[in-house]
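**Student:** Okay, handing you the structure first.
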Amino acid sequence: MFALFAPLVLLFAVATSAHADSAAPKLANVTVLATGGTIAGTGATSTTTVGYTAATVSVQRLIQAVPELAKVANVSGEQVFQIASENMTNEHWLTLGKRVNTLLAQPNVDGIVITHGTDTLEETAYFLNLVVKSRKPVVLVGAMRPSTALSADGPINLYNAVLLAASPEAAGKGVLVALNDQIQAARDVTKVNTSTLDSFRTPELGLLGYIQGSKAFFYRQPVRKHTTESEFDISALQSLPNVEIVYGYANVGPVAVDAFMAAGAKGIIHAGVGDGSLAAKVVPALKAARAKGAIVVRASRVGQGILARNGEANDDELDFVVADTLNPQKARILLMLALTKTNNSKEIQRMFYSY
Ligand code: DGL
């Protein structure tokens with residue numbers, strides 16, 4: 001008797017299953033690229049939140065520690081580096097940027113999360129913002145407490161970063177930084193505290209949105225060009241031009257500028273006091289650097305605000321470039337990439353007003 005109904009039962013089972021499958025949303029494929037940092041760090045005790053060892057936990061263990069990831073994406077992991085991010089180099093950036101572009105060109109990769117030390121996270125994020133050739137989400141994430149700490153922030157930060165990278169709303173917004181339930185833009189976010197959980201801020205220009213209850217909420221989006229709008233291409237690059245940063249302060253002299261030029265710098269970022277003011281004792285050294293063909297960019301150590309062209313110095317006469325609102329470490333990144341395209345100071349100034 002059952003044999004009579006068996007085909008009907010089977011048909012119903014298949015139909016139900018198909019309906020169930022069609023009802024269940026297809027999860028995005030997100031690749032986690034691990035580079036090290038505190039998010040992969042370990043301390044001697046659960047209360048060790050300083051004096052721990054960064055870059056010790058593997059990407060597989062980071063993923064295994066958050067089984068909830070499987071609810072928001074199909075996650076795979078790659079250990080690209082295992083370093084404390086103060087040791088990040090131009091060569092690391094080129095390797096990482098090329099790997100990101102290779103992965104995002106694959107139709108079965110919907111987004112990328114990069115776990116990273118927080119010390120230079122903003123720099124890697126901005127570099128990728130200028131060289132990634134895809135609208136797919138790329139999200140950088142770190143942690144302020146090591147994985148072994150009480151109330152470690154790494155697991156929830158990683159969960160939020162993966163769900164953000166799996167969110168269609170995150171596409172086309174440039175490289176994003178996600179810590180502390182906040183979504184910030186690579187161009188403007190910066191680390192403002194040595195150790196607290198809310199260390200990543202976009203003080204005046206504002207964050208892009210929040211992650212709350214396993215959902216991403218956007219309230220604004222970046223204005224400056226990024227990713228697919230960028231003119232910079234690293235695919236054939238094996239190195240980046242040598243650009244260094246000199247710091248401005250009371251009583252500063254020309255030694256640092258002269259030393260960097262003697263070491264072969266092709267660009268100098270001057271992190272000046274105030275609106276990028278140049279001490280009289282430094283101007284001759286910067287002029288000499290320009291005369292040797294180096295590009296000089298006036299930035300500010302202050303952190304916020306527009307660096308006014310022809311304000312505290314006659315940039316037209318000196319043939320200097322101004323950094324607009326980029327902090328010195330990000331101005332360095334843009335100048336390095338600009339120098340892969342041109343040595344023309346006016347073209348480079350256009351780039352600083354575009355990205
Ligand atoms: N050594 C620092 C780094 O790897 C630790 C800070 C952190 O990752 O939060 O950036």
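The values are calculated or read from the model by the stated rules, or taken from the named source; none is laboratory data. Computed from a predicted model, the values in this text were never measured in an experiment. Virtual Cβ from ideal backbone geometry, glycine too; neighbours counted across all protein chains shown. Only protein heavy atoms, including side chains, enter the accessible area calculation; ligands, DNA and RNA are left aside. Shrake-Rupley method; radii C 1.70, N 1.55, O 1.52, S 1.80 Å.
**Student:** I'd like to know which of A24, V257, I114 lies farthest towards the positive end of the charge dipole of the chain, counting +1 on Cβ of Lys and Arg and -1 on Cβ of Asp and Glu.
**Tutor:** Highest projection toward the positive end goes to A24.
**Student:** Here's another thing I want to ask about it. Starting from the range 158-262, pick out the chymotrypsin sites (Phe, Trp or Tyr not before Pro) whose DSSP state is loop and whose Cβ has at most 10 other Cβ atoms within 10 Å.
**Tutor:** Loop-located and lightly packed - Y219, Y249.
**Student:** Under a Cβ-Cβ cut-off of 10 Å, what is the net charge of the residues other than I156 that fall near it, where Lys and Arg count +1 and Asp and Glu count -1?
**Tutor:** -3
**Student:** Need one number: % antiparallel among DSSP beta bridges in the chain, to the nearest 5. Numbers along the way, then the final one.
**Tutor:** Numbers: 15 of 47 bridges.
For the chain, the DSSP antiparallel bridge percentage is about 30.
**Student:** What is the diffusion coefficient of the chain in µm²/s, taking the Kirkwood radius over Cα pairs and the Stokes-Einstein relation at 25 °C with a viscosity of 0.890 mPa s? Could the numbers behind the result be given before it?
**Tutor:** On the way: Rh = 21.8 Å.
Here the translational diffusion coefficient equals 113 µm²/s.
**Student:** What aspartates and glutamates does K26 reach when the alpha-carbon gap must be under 14 Å and sequence neighbours fewer than 8 apart in one chain are set aside?
**Tutor:** Qualifying aspartates and glutamates at Cα under 14 Å: D110.
**Student:** Roughly how many debye, to the nearest 20, is the charge dipole of the chain about its Cα centre, given +1 on each Lys and Arg Cβ, -1 on each Asp and Glu Cβ, and no other charges?
**Tutor:** With Lys and Arg at +1 and Asp and Glu at -1, about 320 debye.
**Student:** Among DSSP beta bridges whose residues both lie in the range 244-335, state the antiparallel percentage, nearest 5.
**Tutor:** Numbers: 2 of 14 bridges.
For the range 244-335, the DSSP antiparallel bridge percentage is about 15.
**Student:** For the chain, what relative contact order do you get, as a whole percent, if you take Cα pairs closer than 8 Å and at least 6 residues apart?
**Tutor:** Details: 741 pairs, mean separation 46.9, N = 355.
Taking the mean separation of contacting Cα pairs over the length of the chain, I get 13 percent.
**Student:** For the pair T340 and Q106, how long in nm is the line joining their label points, each one 7 Å along Cα→Cβ?
**Tutor:** 2.2
**Student:** OK, next. In square angstrom, rounded to the nearest 10, how much accessible surface does H92 have for a 1.4 Å probe?
**Tutor:** About 40 Å², rounded to the nearest 10.
**Student:** With a cut-off of at most 14 other beta carbons within 10 Å, and DSSP calling the residue loop, which trypsin sites (Lys or Arg not before Pro) in the range 222-331 qualify? Please list them. Walk me through the intermediate numbers first.
**Tutor:** Details: sites: R224, K225, K266, K281, K287, R290, K292, R298, R301, R309, K330; in loops: R224, K225, K266, K281, K292, R301, R309.
Here the trypsin sites (Lys or Arg not before Pro) that fit, given the DSSP loop and packing criteria, are K281, K292.
**Student:** Around K173, what is the net charge, scoring Lys/Arg as +1 and Asp/Glu as -1 over all other residues with Cβ under 14 Å from its Cβ?
**Tutor:** +3
**Student:** Would you calculate, for the chain, the mean residue ellipticity at 222 nm contributed by helices, counting each DSSP H stretch of 4 or more residues as -39,500 (n - 2.57) and dividing by all residues, to the nearest 500? If you can, show how the numbers build up before the last one.
**Tutor:** Values: 11 runs with 112 residues, N = 355.
Helix contribution divided over all residues of the chain: -9500 deg cm²/dmol.
**Student:** Leaving ligands, DNA and RNA out of it, report the carbon-plus-sulfur percent of the accessible area of the range 25-81 at a 1.4 Å probe.
**Tutor:** The C+S portion of the solvent-accessible surface of the range 25-81 is 55 percent.
**Student:** Once you keep just the Cα pairs under 8 angstrom separated by 6 or more residues, what percentage relative contact order results for the range 38-177?
**Tutor:** Contact order relative to length: 32 percent.
**Student:** Roughly how many Å is it from the Cα centre of the range 277-344 to that of the range 123-144, as a whole number?
**Tutor:** 25
**Student:** Hydropathy at least -1.0 by Kyte-Doolittle, axial extent at least 27 angstrom from the Cα trace: which helices of the chain, defined as entire DSSP H runs, fit?
**Tutor:** TM-like helix candidates: 2-23.
**Student:** A further question on this structure: Just the number please: accessible area per residue for the chain, 1.4 Å probe, all protein chains included, in Å².
**Tutor:** With all protein chains present, the chain gives 45 Å² per residue.
**Student:** Moving on to the next point. Suppose every K and R has +1 on its Cβ and every D and E has -1 on its Cβ; what is the size of the dipole of the range 112-155 about the Cα centre, in Debye to the nearest 20?
**Tutor:** Dipole size: approximately 300 debye.
**Student:** Now for a different question. Return the sequence-ordered ³J(HN,Hα) values of the range 241-246 in whole Hz as given by the Karplus equation 6.51 cos²θ - 1.76 cosθ + 1.60 applied to θ = phi - 60°, using x for Gly and Pro.
**Tutor:** My calculation for the range 241-246 gives x, 6, 10, 10, 10, 10 Hz in order.
**Student:** Return the subset of K71/K136; K136/K173; K173/K341; K266/K287 for which the Cα-Cα distance in this structure is over 18 Å, preserving the input order.
**Tutor:** As for pairs spanning more than 18 Å Cα to Cα, those are K71/K136; K173/K341.
**Student:** May I have the extent of the alpha carbons of the range 188-293 along their three principal axes, as whole Å values ordered from largest to smallest?
**Tutor:** If we take the Cα atoms of the range 188-293, the spans are 55, 40, 25 Å.
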